[in-house]
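Report on the following structure.
The values are calculated or read from the model by the stated rules, or taken from the named source; none is laboratory data. Remember, predicted model here, so these are calculated numbers, not experimental data. Positions of Cβ are backbone-derived with ideal geometry, glycine not excepted, and every protein chain shown enters the neighbour counts. Just the protein is used for accessible areas: all its heavy atoms, side chains included, with ligands, DNA and RNA removed. Shrake-Rupley method; radii C 1.70, N 1.55, O 1.52, S 1.80 Å.
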Amino acid sequence: QVQLVESGGGLVQPGGSLRLTCAASGNIFSINTMAWYRQAPGKQRELVAVFTSGERTNYANSVKGRFTASRDNAKNTVYLQMNSLKPEDTAVYYCYAEVLEYGRPRESLIEHWGQGTQVTVSS
């Protein structure tokens, strides 16, 4: 019943900006980890940004200084502000969350993925 709903993707020119949003909803007792991944055609899915248990945000080297992830715990929502976009940023961006659901043991976490949102950077 848990769903991750992503939005904000689109087509932008190099140097442009986009903000992605991921909202988690459903049978959620708590969320331990949320993250952004991306996958370009023919390439392996890669981690873009992740919120660790210590509330520290880690970024892939390729996006450091350009992307900023933020989290609203009260809304179970994460954002990804993408600035100075490059053609190599073109990919499908996925939201990821590890969720403890109502009725499940506290040691059990369920992985959930969003449907993905397309980001295309092209002139």
Leading residue by the ranking (nearest to A24 (Cα to Cα)) among those in the range 84-122 that are part of a strand (DSSP E or B) and small (G, A, S): A97
Can you list residue pairs whose Cβ atoms sit under 7 Å apart, with the first residue in the range 26-46 being over 25 Å from M82 (Cβ atoms) and the second being open to solvent by 70 Å² or more (accessible area, probe 1.4 Å) and part of a loop (DSSP other than H, G, I, E, B)? Count only pairs 6 or more apart in sequence or on different chains. G26/Q1; N27/Q1; N27/Y102; F29/Y102
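This table checks each residue for (1) under 22 Å from S7 (Cβ atoms); (2) open to solvent by less than 60 Å² (accessible area, probe 1.4 Å).
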| position | (1), (2) |
| --- | --- |
| N76 | yes, yes |
| L80 | yes, yes |
| S84 | yes, no |
| T90 | yes, yes |
| A97 | yes, yes |
| Y102 | no, no |
| H112 | yes, yes |
| T117 | yes, yes |
| S123 | no, no |
Mind listing just one residue for me: the one in the range 20-32 that is open to solvent by 30 Å² or more (accessible area, probe 1.4 Å) and over 11 Å from the mean Cα position of the chain (by Cα) and, of those, modelled with the lowest pLDDT? N32
Would you be able to say whether some residue in the range 68-77 is under 14 Å from the mean Cα position of the chain (by Cα), modelled with pLDDT of 95 or more and under 23 Å from G42 (Cβ atoms)? no
